[in-house]
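The values are calculated or read from the model by the stated rules, or taken from the named source; none is laboratory data. These numbers come from a predicted model, not from an experiment. Cβ sites come from the backbone with ideal geometry, for glycine too, and all protein chains shown count toward neighbours. Quick note on the areas: whole protein, heavy atoms, side chains included, nothing else; ligands and nucleic acids left out. Shrake-Rupley method; radii C 1.70, N 1.55, O 1.52, S 1.80 Å.
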Amino acid sequence: MSIGFIGLGNLGKAITTRLKEMGEEIVVYNRTKSKVADLGYEIANTPKDLLSKCDVVFLCLFDSPAVDNILNMENGLLCAELKGKTIIDLSTNHYDDVLKFHEAVEKAGAKYLENPVFGSVAPALIGALTLVASGKKEVFEEVKPLLEKFGKEIFFLEKQGSATKMKLINNLCLGSFMATIAECTSLAEDCSIPKEKALDILGVGGGTSLVLNAKKQKLINEDFSAHFSNNAINKDLHLLQDLAYSMNKPLYSAAMPKELFSKMKMMGNGDEDFSSIYKLFKS
């Protein structure tokens with residue numbers, strides 16, 4: 001059977017490219033067919049139609065409302081044909097909504113694995129993503145060989161919702177690091193230190209991180225084509241603050257990065273890569 005894939009944004013395209021290179025047959029559904037027509041995959045007419053061709057369906061969507069729509073729309077995935085199939089949800093969902101998705105899919109007689117992705121386009125293309133899964137252990141073990149085709153580090157947290165919460169926590173590090181690296185880069189330039197040299201020094205000094213390694217060239221070239229967008233990090237940091245609020249817990253270091261990315265969104269730069277936050281400090 002082919003693998004079904006719904007959500008062909010930047011990350012989804014990279015993951016399907018990797019899966020195809022690893023020998024998997026891919027069938028896709030996209031609301032606008034023209035956006036996926038040139039990718040070379042078989043295209044299903046509806047999510048329900050996808051189930052006739054696939055035992056496993058990946059979702060890689062922007063947020064929980066998008067996932068809910070794919071499940072519940074006319075000819076969506078929540079139908080009789082879903083019984084016995086598996087949904088692997090790579091989306092970064094709301095920590096409450098994802099619990100509803102577990103329940104709805106299991107009620108339909110199918111399997112649901114919550115499996116948010118840590119990383120973006122470049123690691124996806126070489127099979128080096130980090131994946132954190134939550135759900136039933138037997139479902140995780142069943143699909144793990146498939147996850148290993150595009151994930152290098154794979155973790156399992158059995159309690160439903162845990163993987164989603166961990167993804168939001170991780171993105172606090174991601175957003176904070178990116179904002180700090182961008183500000184340091186701009187400050188070095190204002191001190192007449194060449195940008196590339198400053199980034200080389202930060203890369204072996206206090207700035208050394210996966211974030212700097214991934215975004216160094218984008219900062220040098222000021223190429224802000226999106227791998228992980230300002231819209232996406234802004235959404236995730238909002239969800240993280242919702243999580244902290246629900247726990248009656250202060251969250252000190254998340255507020256400033258979230259507002260900086262909100263500013264980028266307000267300026268009309270939401271679709272750019274989140275490394276473009278550099279523009280705020282350079283201006």
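Pick from Lys111, Lys149, Lys83: which is open to solvent by 60 Å² or more (accessible area, probe 1.4 Å), over 21 Å from Asn30 (Cβ atoms) and out of contact with any strand residue (DSSP E or B) (no Cβ under 7 Å at 6 or more places or on another chain)?
The unique qualifying residue is Lys83.
State which residue is nearest to Leu19 (Cα to Cα) when the search covers only the range 52-71 and only residues that are within 15 Å of the chain's Cα centre (by Cα) and in a loop (DSSP other than H, G, I, E, B).
Result: Cys60.
Scan the range 265-283 and tell me whether some residue there is among the aliphatic types (A, V, I, L, M), within 23 Å of Gly9 (Cα to Cα), open to solvent by 40 Å² or more (accessible area, probe 1.4 Å) and in a loop (DSSP other than H, G, I, E, B). Don't jump to the end; show me each part of the working.
Start the filter on the range 265-283 by keeping residues that are among the aliphatic types (A, V, I, L, M), which leaves 266-267, 277, 280.
Checking the rest, the ones that are also within 23 Å of Gly9 (Cα to Cα) come to 266-267, 277.
Add one more test, that the residue is open to solvent by 40 Å² or more (accessible area, probe 1.4 Å), and what stays is 266-267.
Filter again for in a loop (DSSP other than H, G, I, E, B), leaving 267.
Looking for residues that are among the aliphatic types (A, V, I, L, M), within 23 Å of Gly9 (Cα to Cα), open to solvent by 40 Å² or more (accessible area, probe 1.4 Å) and in a loop (DSSP other than H, G, I, E, B), one finds at least one in the range 265-283, hence yes.
List every residue pair whose Cβ atoms lie under 7 Å apart, where the two residues are 6 or more positions apart in sequence or sit on different chains, the first residue falls within the range 179-190 and is modelled with pLDDT of 95 or more, and the second residue, located anywhere, is surrounded by 19 or more Cβ atoms within 10 Å (Cβ to Cβ) and among the aromatic types (Phe, Trp, Tyr).
Short answer, once both residue conditions are applied: Ala182/Tyr278; Thr185/Tyr278; Ser186/Tyr278.
Being open to solvent by 40 Å² or more (accessible area, probe 1.4 Å), in contact (Cβ under 8 Å) with a residue 40 or more places away in the chain and among the aliphatic types (A, V, I, L, M) is the filter here, so list the residues in the range 14-65 that pass it.
Listed by number, the list holds a single entry, Met22.
Just to verify a result, which residue in the range 233-260, among those that are assigned to a helix (DSSP H, G or I) and of a type in the set (Lys, Arg), is farthest from Leu11 (Cα to Cα)?
Of everything passing the filter in the range 233-260, Lys258 is farthest from Leu11 (Cα to Cα).
Would you tally the residues in the range 140-164 being closer than 27 Å to Leu240 by Cα and assigned to a helix (DSSP H, G or I)?
5
Looking only at the range 86-100, count every residue that is assigned to a helix (DSSP H, G or I) and either within 19 Å of Thr46 (Cβ to Cβ) or open to solvent by 20 Å² or more (accessible area, probe 1.4 Å) (or both) and tell me the total.
Residues that pass the stated criteria total 3.
I'm checking my understanding of the structure. Among residues of the range 177-211 that are crowded, with 18+ Cβ neighbours inside 10 Å and under 17 Å from the mean Cα position of the chain (by Cα), which one is nearest to Leu131 (Cα to Cα)?
Val211
Give the range 212-232 a look and list any residue that's touching a helix residue (DSSP H, G or I) at 6+ places or on another chain (Cβ under 7 Å) and either in a loop (DSSP other than H, G, I, E, B) or open to solvent by less than 30 Å² (accessible area, probe 1.4 Å) (or both), or say none.
Answer for the range 212-232, where residues must be touching a helix residue (DSSP H, G or I) at 6+ places or on another chain (Cβ under 7 Å) and either in a loop (DSSP other than H, G, I, E, B) or open to solvent by less than 30 Å² (accessible area, probe 1.4 Å) (or both): Leu212, Lys215, Lys218, Leu219, Phe224, Ala226, His227, Phe228, Ser229, Asn230.
Among the listed residues Leu125, Leu129, identify the single one that is buried (at least 17 other Cβ atoms within 10 Å of the Cβ) and not acidic (Asp, Glu).
One residue alone meets the criteria, Leu129.
Mind listing whichever residues of the range 110-141 are out of contact with any helix residue (DSSP H, G or I) (no Cβ under 7 Å at 6 or more places or on another chain) and in contact (Cβ under 8 Å) with a residue 12 or more places away in the chain?
Pro123, Ile126, Ala128, Thr130, Lys136, Lys137, Val139, Phe140, listed by residue number.
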